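The values are calculated or read from the model by the stated rules, or taken from the named source; none is laboratory data. In this text, all values refer to a predicted model and were calculated from it rather than measured experimentally. Positions of Cβ are generated from backbone atoms using ideal geometry, with glycine treated the same way; all protein chains shown enter the neighbour counts.
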Amino acid sequence: MATTTTISAFAQDVREGLTAKSKHLSSRYFYDDAGSRIFMEIMKMPEYYPTGCEFEILLQQSTQILDRLQFKGHFNIVEFGSGDGAKTKHLLKSFTGAGAQFTYIPIDISQEAIDVLQDNITAFVSGIDMQPRTGDYFDVLEEISTSDIPNLFLFLGGNIGNYKYDDALSLLQKFNAGMKSGDKLLMGIDLQKNPRVVQLAYDDPHGITKAFNMNLLQRINNELEADISLDQFDFYSNYNPQNGEVNSYLVSLKKQHFHSTVLNETFFFEKDELVWTELSKKYSFADIEALAKKAGFAVSQNFMDCKHYFTDSLWEKS
């Protein structure tokens, strides 16, 4: 039996989020094994454009990205949150084919993800110089900053959109603080577009995104020994084209409560009460310029897919 001194960060965050005045659950907890499998389904949906758009950019424009770097000699490619490397491998192969001399340093908190990435990359890019690291971005960043070798940092996938403005700015300023003058950052950013396109990507007709969110409740049942009736909750997602924000929620369909044995606590919900689960911010080009400047960067170039739905934006430390 877990005690208050040994409960997980997940348990602590669930307790904090579901006792708050405005209830919330962190999107970082979407990705247990079941959630990761559901997200793979999301990425295959025709409505979910970000993955395909970034694939297109890295598949077709990597040589232009390399030219724009203007690095002389050997450099590092440092990837924050590298995952399985499915997209990055196209950029790495293109760079290698163009004769670039680099060391690839993927960083991920998950050793399992790093193991999968190593297999994927070495099978796709022969002879690559790879030095994977498991752990915190900033520990590795501090270590790398002591070298004179120039760096290209990768933060792909549109992940910056999951951060509220102040948090996004703080993260980018931390990146900047660990970079040397002339280092570059290539960051995936989802762009503002026809609101219907965005809405369908985050509230799809197949119910897959709903299942992704509902899995948070299933995870609470499984890991915190709770008795949530999943059929008493619904999912709602809303895109506001004026501020570019997609906000996702779980909705309590009736006045209800559930109990967690692990937390030894009962949680109460009013009918139609919302539980916020995720922000996904879509940026305008003016937003990108302003954010880069405030974080201490200059935008070098925005590389876009053919529909101009998404950009891998290349920034240079000022």
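Being of a type outside the set (D, E, K, R) and at positive phi: is that true of residue 207 here?
Here the answer is yes, as residue 207 does meet what is asked.
Scan the range 74-98 for residues that are modelled with pLDDT of 95 or more, surrounded by fewer than 18 Cβ atoms within 10 Å (Cβ to Cβ) and not in a helix (DSSP H, G or I) and jot them down.
The answer is 74, 98.
Among 141, 152, 172, 117, which is the only one that is more than 30 Å from residue 284 (Cα to Cα), in contact (Cβ under 8 Å) with a residue 24 or more places away in the chain and among the hydrophobic types (A, V, I, L, M, F, W, C)? Lay out the reasoning, then the answer.
Working: 141 fails: more than 30 Å from residue 284 (Cα to Cα); 152 fails: more than 30 Å from residue 284 (Cα to Cα); 172 fails: more than 30 Å from residue 284 (Cα to Cα).
Being more than 30 Å from residue 284 (Cα to Cα), in contact (Cβ under 8 Å) with a residue 24 or more places away in the chain and among the hydrophobic types (A, V, I, L, M, F, W, C) holds for just one of 141, 152, 172, 117, which is 117.
Please work out if residue 36 is assigned by TED's automatic domain parsing to the domain that holds residue 274, at pLDDT 95 or above, loosely packed, with under 15 Cβ neighbours inside 10 Å and among the small types (Gly, Ala, Ser).
Numbers: assigned by TED's automatic domain parsing to the domain that holds residue 274: yes; at pLDDT 95 or above: no; loosely packed, with under 15 Cβ neighbours inside 10 Å: yes; among the small types (Gly, Ala, Ser): yes.
Judged against the criteria, residue 36 is not a match.
If residue 67 passes every condition in (1) free of Cβ contacts under 8 Å to residues at least 24 places away in the same chain; (2) assigned to a loop (DSSP other than H, G, I, E, B); (3) of a type outside the set (A, V, I, L, M) but one, which one does it miss?
For residue 67, the exception is condition (2).
Does residue 27 satisfy being more than 20 Å from residue 212 (Cβ to Cβ) and either crowded, with 16+ Cβ neighbours inside 10 Å or out of contact with any helix residue (DSSP H, G or I) (no Cβ under 7 Å at 6 or more places or on another chain) (or both)? Before the answer, list the steps.
Working: more than 20 Å from residue 212 (Cβ to Cβ): no; either crowded, with 16+ Cβ neighbours inside 10 Å or out of contact with any helix residue (DSSP H, G or I) (no Cβ under 7 Å at 6 or more places or on another chain) (or both): yes.
No: the conditions fail for residue 27.
Filter the range 199-221 down to the residues that are more than 22 Å from residue 46 (Cα to Cα) and touching a residue at least 12 places away in the same chain (Cβ under 8 Å) and list them by number.
The first filter runs over the range 199-221 and keeps only residues more than 22 Å from residue 46 (Cα to Cα), leaving 216-221.
If the condition is that a residue be more than 22 Å from residue 46 (Cα to Cα) and touching a residue at least 12 places away in the same chain (Cβ under 8 Å), then 216, 217, 218, 219, 220 are the ones that fit.
Are there any pairs, at least 6 apart or on different chains, whose C-beta atoms fall under 8 Å, with the first in the range 225-247 and in a loop (DSSP other than H, G, I, E, B) and the second among the aromatic types (Phe, Trp, Tyr) and crowded, with 19+ Cβ neighbours inside 10 Å, and if so, which?
Pairs found: 227/258; 228/258; 229/258; 244/283.
Is one or more of the residues making up the range 81-90 of a type in the set (Lys, Arg), in contact with a Phe, Trp or Tyr (Cβ under 6 Å, 6 or more places away or on another chain) and free of Cβ contacts under 8 Å to residues at least 60 places away in the same chain?
Checking the range 81-90: at least one residue is of a type in the set (Lys, Arg), in contact with a Phe, Trp or Tyr (Cβ under 6 Å, 6 or more places away or on another chain) and free of Cβ contacts under 8 Å to residues at least 60 places away in the same chain.
Taking residue 127 as the residue in question, decide whether it is among the small types (Gly, Ala, Ser) and either crowded, with 20+ Cβ neighbours inside 10 Å or not assigned by TED's automatic domain parsing to the domain that holds residue 91 (or both). Walk me through it before giving the result.
Numbers: among the small types (Gly, Ala, Ser): yes; either crowded, with 20+ Cβ neighbours inside 10 Å or not assigned by TED's automatic domain parsing to the domain that holds residue 91 (or both): no.
Against the criterion (among the small types (Gly, Ala, Ser) and either crowded, with 20+ Cβ neighbours inside 10 Å or not assigned by TED's automatic domain parsing to the domain that holds residue 91 (or both)), residue 127 does not qualify.
Are any residues in the range 126-155 modelled with pLDDT under 95 and within 24 Å of residue 50 (Cα to Cα), and if so, which ones?
The answer is 137, and nothing else.
List every residue pair whose Cβ atoms lie under 7 Å apart, where the two residues are 6 or more positions apart in sequence or sit on different chains, the first residue falls within the range 156-168 and is under 21 Å from residue 312 (Cβ atoms), and the second residue, located anywhere, is in a loop (DSSP other than H, G, I, E, B).
Between residues of the range 156-168 that are under 21 Å from residue 312 (Cβ atoms) and residues that are in a loop (DSSP other than H, G, I, E, B), the close pairs are 156/87; 159/81; 161/282.
I'm trying to understand the selection: among the residues of the range 166-196, which are more than 20 Å from the chain's Cα centre (by Cα) and either hydrophobic (A, V, I, L, M, F, W, C) or in a helix (DSSP H, G or I) (or both)?
177, 179, 195, 196
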